[in-house]
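Just below is one structure, and these are the notes that go with it.
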Amino acid sequence: IYEGTNGIQALDLLGRKVLADGGNALDEFLAEIRLYAQEPGVEHRDALLDAVQRLEESSAWIRDQAQQDPRQVGAASVEYLHLFGYVAYAYVWSRMASTAKARQASDPDFYSAKQATARFFFKRILPRIEGLSACIRGGADSLYELTADQF
């Protein structure tokens, strides 16, 4: 549900949960995903690892930019929240797809539906992270071009 608190949650995630601790919590989360991706039979491994890398790169970019201009955190926070969420979803869908493949024989209709939904997510939803990353790298400048009199 999108409402005004999304911005607050986004600032909290990026400002307090990612930047304030030097990225330690983020690093632990990404390490957990990478460790999982090393297991045999992981479905959608490459897309998952690409998404992890994009989140890591976006996080580093924001961290670097914010050192010179604190407005970058606010400018990137909502897109960052969505990017982070899509990566978390990718992790969960990869796990579900891998489990569904392993259990396919026990309930073919149910588990094939899980696999189809995972394929849909990885083909149609996860690619949105490319646009989110581009928005993040768009920076804060365009958000501050108008003066108060121009509103």
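Quick check for me: using +1 on Lys/Arg Cβ and -1 on Asp/Glu Cβ, what's the dipole size of the chain about its Cα centre, in debye to the nearest 20?
On the way: 16 positive and 21 negative charges, 127 e Å.
That gives a dipole near 620 debye.
Out of A148, S94, A31, whose Cα points farthest toward the positive end of the dipole of the chain (charges: +1 Lys, Arg; -1 Asp, Glu; placed on Cβ)?
Projecting each Cα onto the dipole axis, the largest value belongs to S94.
Can you tell which of Q38, Q53, Q115 shows the greatest fluctuation in a Gaussian network model of the chain with Cα springs below 10 Å?
Q38
At what distance in angstrom do the alpha carbon centres of segment 6-79 and segment 106-125 lie from each other?
Taking the Cα centre of segment 106-125 as reference, the centre of segment 6-79 is 26 Å away.
Quick one: among D107, D46, D69, which has the greatest mean-square fluctuation in a GNM of the chain with alpha-carbon springs under 10 angstrom?
D107
Report the residue, chosen from E130, E39, E79, that carries the largest GNM mean-square fluctuation when the chain is represented by alpha-carbon nodes joined by springs under 10 Å.
With Cα springs under 10 Å in the chain, the top fluctuation among E130, E39, E79 is at E39.
Residues with beta-carbon under 10 Å from that of S58, excluding S58: net charge, scoring Lys, Arg +1 and Asp, Glu -1?
In short, 0.
Plugging the Kirkwood radius over Cα pairs into Stokes-Einstein for segment 6-145, at a temperature of 25 °C and a viscosity of 0.890 mPa s, what D comes out in µm²/s? Display every interim value, and only then the final one.
Details: Rh = 16.0 Å.
It comes out at roughly 154 µm²/s.
Which helices, counted as full DSSP H runs in the chain, have an axial Cα extent of no less than 30 Å and a Kyte-Doolittle average of 0.0 or above?
Working: long enough: 45-68 (35 Å, -0.84); 71-103 (48 Å, 0.12).
Qualifying helices, which must be both long enough and hydrophobic enough, are 71-103.
Residues of segment 85-104 with amide nitrogen under 14 Å from the 7 Å Cα-to-Cβ point of F110?
The answer is 99-104, whose backbone nitrogens lie closer than 14 Å to the label point.
So if I place +1 on the C-beta of Lys and Arg and -1 on the C-beta of Asp and Glu, and nothing else carries charge, what would the dipole magnitude of segment 83-151 be about its Cα centre? I want it in debye, nearest 20. Could you put the intermediate results ahead of the total?
Details: 9 positive and 6 negative charges, 127 e Å.
In total the dipole reaches around 600 debye.
How much net charge surrounds E79 when only the other residues with a Cβ under 13 Å from the Cβ of E79 are counted, with Lys and Arg +1 and Asp and Glu -1? Working shown, then result.
Working: positive: R54, R128, R137; negative: E130.
Value of the local net charge: +2.
None of the figures in this text is laboratory data; all of them are computed from the coordinates on show. Quick caveat: nothing in here was measured; it's all calculated off a predicted structure. FYI the Cβ positions are ideal-geometry reconstructions off the backbone, even for glycines, and counts take in every protein chain you see.
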